[in-house]
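The values are calculated or read from the model by the stated rules, or taken from the named source; none is laboratory data. All of these numbers come straight from a predicted model, not from anything done at the bench. Note that we place each Cβ from the backbone using ideal geometry, even for glycine, and neighbour counts take in every protein chain shown. To get the accessible areas, we keep the full protein, side chains included, count just its heavy atoms, and leave off ligands, DNA and RNA. Shrake-Rupley method; radii C 1.70, N 1.55, O 1.52, S 1.80 Å.
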Amino acid sequence: MKRKVYGRYIIAIFIWILLVTGMVRILSDQKGGAGGSKTESELALENEEKNQTVSGGDTIRVLIMTDGYQSEIHSEVRVSSPYGLRISCGGESIEWNKEEVCQILPDDARFQKGNIRIEPLNKEGKVTLESISRGYGTPSYDGILELRAVSGGIAVINELSMESYLCGVVPSEMPASYELEALKAQAVCARSYARRQMESYGYPEYEAHVNDSTDFQVYNNSQPQERSSQAVRETEGEVVKYKGTIATTYYYSTSSGQTTNMEAWGNAPGEGNGYLQSVSVCDDSGQDYEKNLPWYRWEAVIPIDTLSQLISQNTGTDVGTLSQVEVTKRGAGDVAVELTAVGDKNTVTVQTENKIRSALGGGGYQITKNDGSQSEGSALLPSAFFTIEKQDGVFVIRGGGFGHGIGMSQNGANEMAKQGKNYQEILKLFYQGVEIE
């Protein structure tokens with residue numbers, strides 16, 4: 001009899017323990033707090049949050065280059081903020097006196113604990129990077145500056161929201177004085193391009209998606225302006241999509257009245273880039289939108305000896321004295337995609353628009369623009385939309401447009417906006433068959 005009673009007590013106690021521990025487990029699961037077990041959905045959410053910066057979340061990481069965009073490695077970092085700074089590393093943080101500039105060198109002992117993260121004490125404030133300069137002077141940054149000790153110095157990554165990033169891109173890529181609808185088109189282009197870049201790290205060693213130069217999109221070379229920030233706000237979240245996928249929205253300065261396709265860069269037109277087609281940048285009456293702009297048409301008269309030297313230097317082939325330079329293949333929109341230069345020592349053939357522009361680029365000659373003004377030759381010929389012919393002692397290059405000619409002409413967009421086109425109409429001209437979502 002006692003055994004049965006004891007057995008019942010033991011069973012009751014065992015059941016009570018199960019109930020209590022089960023309830024504790026349920027409560028800890030509901031709280032999801034420190035030390036508590038997490039549900040599969042919570043773990044999945046955490047993994048999603050960890051992957052957001054790679055897969056297209058709201059946070060973009062931008063590698064900040066040195067002065068003149070010459071290097072990705074800084075010899076020192078000096079930062080300040082009128083609101084004061086919080087400097088964190090290895091789970092510890094300090095507050096920095098707001099009246100002083102903080103200098104961080106590559107041998108800073110804190111780097112032994114990990115990366116150093118710097119943010120303003122006031123969330124509305126910015127971090128000023130005193131050790132570099134940009135087009136408007138000493139630049140300041142939204143979000144957080146992360147410093148990483150690397151071989152030769154310090155890498156600086158600016159981590160911030162996409163929309164804040166765009167407020168620094170749009171005025172750096174298009175004058176804030178342009179028409180609002182053109183600025184909105186630029187904002188959507190910049191957002192779409194950035195979203196595509198965020199699908200992977202352009203700099204995996206720093207976990208950075210892009211840098212702040214023309215390698216990707218120019219960022220924070222001009223201060224945010226109310227007009228361009230308005231364009232970002234009024235298109236918040238909108239991107240260009242082609243067949244359900246975000247498009248890589250290339251853009252450039254000025255068209256010749258025609259755009260071209262990816263063949264200009266040596267890529268075959270196909271299903272994935274079908275939105276990048278050659279289109280006429282003209283109004284309903286057939287008039288080119290940009291016909292009155294300086295770079296719409298241009299001409300360069302280059303002495304034979306000068307062009308011979310430039311082509312030899314730029315291609316790494318000593319052609320001697322040129323007897324002939326000819327566009328031997330053209331792509332969509334009549335863009336030059338192959339150039340052959342014949343000299344008394346060698347013949348060289350150059351392919352793709354960028355390499356052709358590079359082969360013909362350099363100093364020693366003037367370019368006369370559509371409005372009669374002149375510009376010195378630079379590292380790249382203005383565009384690959386040109387003809388070339390030999391005359392008495394010179395080569396005459398007549399061309400149109402400024403830039404690679406693929407995607408949206410920024411000046412074309414502005415001229416369209418002046419004639420009443422909205423940003424969606426602008427985008428759908430330059431990117432065929434797309435939706436703005």
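Which of the residues that make up segment 395-415 are farther than 20 Å from Tyr193 by Cβ and not basic (Lys, Arg)? Spell out how you get there, then give the answer.
The first filter runs over segment 395-415 and keeps only residues farther than 20 Å from Tyr193 by Cβ, leaving 395-401, 415.
Correct list: Phe395, Val396, Ile397, Gly399, Gly400, Gly401, Glu415.
Checking Asp305 against (1) charged (D, E, K, R); (2) in a helix (DSSP H, G or I); (3) in contact (Cβ under 8 Å) with a residue 40 or more places away in the chain, only one condition comes out false. Which one?
(3)
Can you tell me which condition Gly333 does not meet? The list is (1) on the phi > 0 side of the Ramachandran plot; (2) of a type in the set (Gly, Ala, Ser); (3) in a loop (DSSP other than H, G, I, E, B); (4) touching a strand residue (DSSP E or B) at 6+ places or on another chain (Cβ under 8 Å), and all the others hold.
(3)
Report, by residue number, each residue of segment 254-272 that is crowded, with 18+ Cβ neighbours inside 10 Å, in a loop (DSSP other than H, G, I, E, B) and not small (Gly, Ala, Ser).
Within segment 254-272, Thr259, Asn261 meet the criteria.
List the number of the failed condition for Val319; all other conditions in (1) open to solvent by 20 Å² or more (accessible area, probe 1.4 Å); (2) modelled with pLDDT of 95 or more; (3) among the hydrophobic types (A, V, I, L, M, F, W, C) hold.
That leaves (1) as the condition not met.
With respect to Glu353, determine if the residue is among the acidic types (Asp, Glu) and open to solvent by less than 20 Å² (accessible area, probe 1.4 Å).
Yes, satisfied.
Name the single residue, out of those in segment 273-290 being closer than 17 Å to Glu425 by Cα and either hydrophobic (A, V, I, L, M, F, W, C) or within 24 Å of the chain's Cα centre (by Cα) (or both), that is most open to solvent (accessible area, probe 1.4 Å).
Among residues in segment 273-290 that are closer than 17 Å to Glu425 by Cα and either hydrophobic (A, V, I, L, M, F, W, C) or within 24 Å of the chain's Cα centre (by Cα) (or both), the one most open to solvent (accessible area, probe 1.4 Å) is Gln277.
Please work out which one of (1) crowded, with 18+ Cβ neighbours inside 10 Å; (2) within 28 Å of Asn267 (Cβ to Cβ) is the condition Gly343 fails and give its number.
Here Gly343 meets the rest and fails (2).
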